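Presented below is the structure to which this report refers.
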Amino acid sequence: MQVLEKWETLPNSAYVNNMFDAEHKIESEKTQFPKDLKKAYELGQRLSGEISKTD
């Protein structure tokens with residue numbers, strides 16, 4: 001999971017931040033976030049399955 005690739009402020013905010021490439025962050029948000037979301041969902045499914053097996 002690439003935590004450092006997430007926005008700290010809105011892309012069109014009033015803050016000026018020249019430390020990061022805005023276009024790269026936008027592209028990363030479009031491509032990497034769905035992958036991370038899927039992995040998190042699958043992890044949740046596995047964990048909930050393990051919990052229900054122990055009940």
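The values are calculated or read from the model by the stated rules, or taken from the named source; none is laboratory data. Nothing here was measured: the structure is a model prediction, and the numbers come from that model. Positions of Cβ are backbone-derived with ideal geometry, glycine not excepted, and every protein chain shown enters the neighbour counts.
Only one entry in Leu47, Leu10, Leu4 is at pLDDT 85 or above and out of contact with any strand residue (DSSP E or B) (no Cβ under 7 Å at 6 or more places or on another chain), namely Leu47. Among residues that are surrounded by 10 or more Cβ atoms within 10 Å (Cβ to Cβ) and either assigned to a loop (DSSP other than H, G, I, E, B) or at pLDDT below 90 (or both), Lys53 is not included.
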